[in-house]
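Only the coordinates and a few stated rules stand behind these numbers; no lab work does. Because the structure is predicted, anything quoted here is derived from the model rather than measured. Cβ atoms come from the backbone with ideal geometry, glycine included; neighbour counts cover every protein chain shown.
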């Protein structure tokens, strides 16, 4: 389906002005290999650890729209479009959830990013 058409068919929309994004998206993913040898068979475990993640977590209930109304605490299948208001860029980290999202600014820039958010509820 065309994403523009999907945005037009959204159930509810909110415009949030001047969100300050201070978190950065710098992460280091370390691959871990653990060996357990107290038993005869021995076992091998593989895992990934994320270090240094400082992306900003935002819940919808913390936001206020351009009319001064608080957003609902849950939004069914949200979709967010970021509109930059400063020279520092920002982006979503991962996928939006029904309760919120994670956002980060460009780590190479000095200072926070200021953005407007257009939030669509796509619904069921």
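Got a sec? How would 86, 73 order by Cβ neighbour count within 10 Å, fewest to most?
Values: 86 16, 73 12.
Final ranking by Cβ density, sparse to dense: 73, 86.
Express in nm, to one decimal, how much length is gained between residue 92 and residue 22 on full extension, taking 0.36 nm for each residue of separation and deducting their alpha carbon distance. Walk me through the numbers on the way to the answer.
Details: separation 70, 0.36 × 70 = 25.20 nm, distance 1.28 nm.
Using 0.36 nm per residue and subtracting the Cα-Cα distance, I get 23.9 nm.
State whether the stretch 49-124 is rounded, prolate or oblate according to the following rule on the C-alpha gyration tensor (a ≥ b ≥ c being the square roots of its eigenvalues): a/c under 1.5 gives rounded; otherwise a/b larger than b/c gives prolate, and the remaining case gives oblate. Display every interim value, and only then the final one.
Working: a/c = 2.08, a/b = 1.36, b/c = 1.54.
Here the stretch 49-124 falls in the oblate category.
Quick check: residue separation of residue 83 and residue 45 times 0.36 nm, minus the Cα distance between them. What number comes out in nm?
Full extension of this stretch gives 9.4 nm more.
For residue 66 and residue 35 in the same chain, what is the full-extension length gain: residue separation times 0.36 nm, less their Cα-Cα distance, in nm? List each step's numbers first, then the result.
Working: separation 31, 0.36 × 31 = 11.16 nm, distance 5.44 nm.
Between residue 66 and residue 35, full extension yields an extra 5.7 nm.
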